[in-house]
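**Q** Pasting a structure below so you can have a look.
The values are calculated or read from the model by the stated rules, or taken from the named source; none is laboratory data. Treat the numbers as computed from the prediction; the structure is a model and nothing was measured. A quick note on method: Cβ atoms are made from the backbone with ideal geometry, for glycine too, and the neighbour counts reach across all protein chains shown. Just so you know, the surface numbers come from the protein's heavy atoms only, side chains and all, with ligands and any DNA or RNA stripped out. Shrake-Rupley method; radii C 1.70, N 1.55, O 1.52, S 1.80 Å.
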Amino acid sequence: MTARRILLTAAILVAVLAFTKTDILLAAGSGPSSSITLSPSSPDGANGWYVSPVNVTISASDLTSGIKSINWRLDSGTWNSQTFSNTLNLAQNPSFEQISGSQINGWAFGGLASSTGIPDSTTAEFGAVSAKIISVENGWSGFNNQSNYIPVSPFSNMTASVWVKTQDVNGNGAYFKVYALSGSNPLLLTSSPSITASTSGFVRISQTFVVSANNAYGIYIDLGIFGTGTVWYDGVTVTNSSTDTQVNQIYSQNGQQTLEYYAVNNNNVSESPHNFVNFDIDTGVPTNWRNFDSEQKGNDHTLQSSISVDDTTAGIDSGSGAFQYSVDGGDTWGYYSNLTGCSSGWVSNGWYPTGTDLENGGHTAQLSTPAVDYCNSNWSTCKIIRFRASDLAGNSSSKDICIFGSYFDVSGDVGTLNSINMTQSGTTYNTDGIIIAAGTVSNFTSSNSWVVQNYSQGDIPTYSQLISQFPTSAPLPSGKLPTQSGLYFNNGSLYVNSQTIPANFSGSTFSAVIFVNGDLRLNSNYSLSPSSALVYIVSGNVEIDKSVTSISGVFISDQNINVSYNGSSGQAITINGSLLGDTLTLSRTVKKNSGASLTVNYDPTYLTKAAPLLGSGRISWQEVQ
């Protein structure tokens, strides 16, 4: 061992002993202390609500033995703990309690001639004294402990922190610098983040760093301001730890939250009492738009409408309800200044207030419009009403309803490899099952709120895949629908009408699969007996005539399924079975207040009955307890 190494080791020992004998007795605020910062720093929504996730940072300081752990829990739940090592504070006189007149022991003031640095016994974060700097010129002024430097080894990992308060600060702000002593001139190692707020209470700033100097034997801290204003420093901590004594958590769960936290020092002294912070989060918008209804008021195109909406967290703002409408299919939006007169002035992009009745403790609202004249009875061009509501946190959402437009109801699950975007969702829910879409879901709801969007695992077998797996060339008997069980093949488009539906078809019992190498067009109603099953597998389109109101079967198409390919008769259609296609065109409209234009009564027994023809099915049943 060299003589320099022996002297250096002795210097470190002396510094540690000096720290132990003096600062443990004289450092103020002995015992652990924790603080918290939130980002955003204050609620970014209305009425004290956060409308974005809250990033929480818990920091802890102990000016003597150092921090051993930070502990926290949310809403009286399970305690979490983060432990730390090498957190003994190496800085001497860290809270500036040791003073001699206007001097702070171990800390020298230097900087601009017009600036002053003094101990201040009127403002402190720890104990009774802080280091105060008053700067009236733009430049650096600060307190440093170079004469009382901290012995180190080269390339050590270290952390420094301090508390700083500002008043009328301008320029680059308040921050600290860390210098290494390794030769004739100090080497700047790092600078901390800067506090640029003109005026703020005490906040903690910290910096981790590496003593990146080959011959470094010590470091010192320079606490200062670059600019004008007044700053106070207190509670300096320098440790041999590579991490700061803080934890970061992000909270996004909606509701009113209470976070409890405290620190423990290396002497196993716990901070008491514990600290608490409350924050309210609502990142969701009003949702579950439902129960749309329109009532005729006057002529047959003057209607009063209503709709319900929920906000389960903050609740609905009773003064936020509004609506606008379009009478040209969505090209223009607003309202006529006289709502019942289409010759009055058009308020482009304007919103008209709704009546609002709150229910369920303010978490449900029914929005109601006055009577509105939609100008004509041509309902084939959508008259769209757009409702808007906000919750008490300031989140807003809107709902477009095509009055008397197309929508459909399904008993069972609904899935698509695309998106579901309906012009309206109907008066209640669209399905009692799960909704799965590879894209988004709009104006289509489940009574159980089971909606999965952006799902990427789905797959629909193609016509080619199915017929290669279950090959058949058996033709349809006499070109008509079968009444006997089996696999059938139709090369070309198949037309289901009075000529191709056998007279005894509905009374027959059978399970059949028909491969159609072309389009399938259905021009007539038919039904199946409760014991029968019929599956169509179609390479082209499935087209249903506007006059058809009831059919049965499972319809699988490589292309489009159109439930009213030749316009609309104003009649609804019921399909007992299921639809599975690349796209679904719901061009069928119904008369006013007639309900859904398409109802699908899902019957899984169609597939189970056809399973002997197609092999094992993709539906499995399992008892759930």
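**Q** Whole-Hz ³J(HN,Hα) for each residue in region 126-142, computed from phi via Karplus 6.51 cos²θ - 1.76 cosθ + 1.60 with θ = phi - 60°, x for glycine and proline: what do you get?
**A** Those phi angles translate into 10, x, 10, 10, 9, 9, 10, 10, 10, 10, 10, 10, 7, x, 9, 9, x Hz.
**Q** I've got another one for you. Nearest 0.05, what FRET efficiency do Leu358 and Ser547 give at R0 = 41 Å with Cβ-Cβ as r?
**A** Efficiency computed from Cβ-Cβ geometry: 0.35.
**Q** Can you tell me the FRET efficiency between Ser153 and Ser42 if r is taken as the Cβ-Cβ distance and R0 is 30 Å, rounded to the nearest 0.05?
**A** Efficiency for this residue pair is about 0.10.
**Q** Still on this structure, I have one more. Pop out the carbon and sulfur fraction of the accessible area of the chain as a percent, whole number, probe 1.4 Å.
**A** Looking at the chain in its full context, I get 47 percent from C and S.
**Q** Using a 1.4 Å probe, how large is the accessible area of Ser182, given in Å² and rounded to the nearest 10?
**A** 40 Å²
**Q** Using only protein heavy atoms and a 1.4 Å probe, report how much of Phe505 is accessible, in Å² to the nearest 10.
**A** Accessible area of Phe505: about 0 Å².
**Q** OK, next. From the helices alone, meaning DSSP H stretches of at least four residues, give me the mean residue ellipticity at 222 nm for the chain, per-run term -39500 (n - 2.57), in deg cm²/dmol to the nearest 500.
**A** Computed ellipticity for the chain at 222 nm equals -1500 deg cm²/dmol.
**Q** Using a probe radius of 1.4 Å on heavy atoms only, what accessible surface per residue do you get for the chain? Whole Å² is fine.
**A** Each residue of the chain exposes 44 Å² on average to a 1.4 Å probe.
**Q** Moving on to the next point. How much net charge surrounds Ile205 when only the other residues with a Cβ under 13 Å from the Cβ of Ile205 are counted, with Lys and Arg +1 and Asp and Glu -1?
**A** It works out to a net charge of 0.
**Q** Given that just one value was derived from the coordinates, which of (1) 37.6, 115; (2) 24.4, 70; (3) 25.2, 81 is Rg and Dmax of the Cα atoms in Å?
**A** (1)
**Q** Between Asn491 and Ile134, what is the label-point separation in nm under the 7 Å Cα-to-beta-carbon projection?
**A** So the two model labels end up 10.3 nm from each other.
**Q** Measure nothing but the geometry: give the 0 to 90° angle between the long axis through the Cα atoms of 3-18 and the longest principal axis through the Cα atoms of the chain, rounded to 10°.
**A** Helix 3-18 and the main axis of the chain meet at about 80 degrees.
**Q** Same structure, new question: So between Thr574 and Ile460, what do we pick up on full extension, going 0.36 nm a residue minus the alpha carbon distance?
**A** 38.7 nm
**Q** With θ set to phi - 60° and the Karplus curve 6.51 cos²θ - 1.76 cosθ + 1.60, what are the ³J(HN,Hα) couplings of region 474-480 in order, to the nearest whole Hz, using x for Gly and Pro?
**A** 5, x, 5, x, 6, x, 10
**Q** Accessible area, 1.4 Å probe, largest first: how do Asp603, Asp311 sort?
**A** From most accessible down to least: Asp603, Asp311.
**Q** Modelled label-to-label distance, Ala197 and Ser529, 7 Å Cα→beta-carbon offset: nm?
**A** It works out to 8.1 nm between the two label points.
**Q** Between Ser473 and Asn278, with labels modelled 7 Å along Cα→Cβ, what's the label distance in nm to one decimal, could you check?
**A** Between Ser473 and Asn278, the simple spin-label model gives 8.0 nm.
**Q** Calculate, in nm to one decimal, what Thr509 and Ser270 gain on full extension: separation in residues at 0.36 nm each, minus their alpha carbon distance.
**A** 78.1 nm
**Q** With a 1.4 Å probe and all protein chains kept in place, how much accessible area does Ser419 have, in Å² rounded to the nearest 10?
**A** Accessible area, nearest 10 Å²: 50 Å².
**Q** How large is ³J(HN,Hα) for each residue in region 394-399, as worked out from phi by the Karplus curve 6.51 cos²θ - 1.76 cosθ + 1.60 (θ = phi - 60°), to whole Hz, x for Gly and Pro?
**A** Rounded to whole hertz, the list is x, 6, 10, 8, 9, 9.
**Q** Can you tell me what share of the DSSP beta bridges in the chain is antiparallel? A percent to the nearest 5 is fine.
**A** Here the share of antiparallel DSSP bridges comes out near 70 percent.
**Q** Name the chymotrypsin sites (Phe, Trp or Tyr not before Pro) in region 39-141 that are in a loop by DSSP and that have at most 16 other C-beta atoms within 10 Å, would you?
**A** Answer in residue order: Trp79.
**Q** How far, in degrees from 0 to 90, does helix 605-614 lean away from the longest principal axis of the Cα atoms of the chain, to the nearest 10?
**A** In the chain, helix 605-614 runs at an angle near 80 degrees to the longest axis.
**Q** Then there is this: Calculate the FRET efficiency for Asn214 and Leu188 from the Cβ-Cβ distance with a Förster distance of 22 Å, rounded to the nearest 0.05.
**A** 0.90
**Q** Would you rank Leu188, Leu534, Leu74 by solvent-accessible area, highest first, keeping every protein chain in place and using a 1.4 Å probe?
**A** So, going from the largest accessible area down, we get Leu188, Leu74, Leu534.
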